[in-house]
Amino acid sequence: MKRTMTMVVVGLLAAGSAEAAGNRRGPKVQVTGVLNLNQASLAQLDLLPGVGAAAAKKIAAYREKTPFKRIEELVKVKGFGKKKFEKLKPYLTVSGPTTLVAHKATREIASAPQARAPSPGR
């Protein structure tokens, strides 16, 4: 029984570390600009935060049948709920060119801890 319990614990620890290693991603990416849901390529759709290749294909398949008249129609595509739509909303349009560009995220200087001057009397 003790040996079985030890094996279970070791197995869980190994699975947890493997999962953590698998979740590590490359550098964060920021996107700027807008994406035309009716004209964007699969690669451009894939640039949207939280949208992968499979979801990009779903958007493309949907617009082949019914072009988007409003960005809010994205929630009709399987896998896109209101929460995901709200995150993507600033990047979406149904007219004009796609100007969406991905940038490597950089650390903001403002978020770095500031050195404090020693207080008088210490």
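The values are calculated or read from the model by the stated rules, or taken from the named source; none is laboratory data. Worth saying up front: this structure is predicted, and the values here are computed from it rather than measured. Here the Cβ positions follow ideal geometry from the backbone for every residue, glycine too, while neighbour counts run over all protein chains shown.
Residue count for segment 11-40 under the criterion of being modelled with pLDDT of 95 or more and either touching an Asp or Glu at 6+ places or on another chain (Cβ under 6 Å) or more than 20 Å from K84 (Cβ to Cβ) (or both): the result is 1. Within segment 53-77, restricting attention to residues that are part of a loop (DSSP other than H, G, I, E, B) and either of a type in the set (F, W, Y) or free of Cβ contacts under 8 Å to residues at least 24 places away in the same chain (or both), the residue that is nearest to G96 (Cα to Cα) is F68. Would you mind stating whether G50 is closer than 24 Å to Q30 by Cβ, at pLDDT 95 or above, in a loop (DSSP other than H, G, I, E, B) and not hydroxyl-bearing (S, T, Y)? So G50 does not fit the description; no. Of the residues making up segment 78-89, those that are within 24 Å of Q30 (Cβ to Cβ) and either loosely packed, with under 11 Cβ neighbours inside 10 Å or free of Cβ contacts under 8 Å to residues at least 40 places away in the same chain (or both) are G79, F80, G81, K82, K83, K84, F85, E86, K87, K89.
Being closer than 16 Å to N36 by Cα, basic (K, R), at pLDDT 95 or above and in contact with a Gly (Cβ under 8 Å, 6 or more places away or on another chain) is the requirement here; does K69 meet it? Considered against the rule, which asks whether it is closer than 16 Å to N36 by Cα, basic (K, R), at pLDDT 95 or above and in contact with a Gly (Cβ under 8 Å, 6 or more places away or on another chain), K69 comes out as no.
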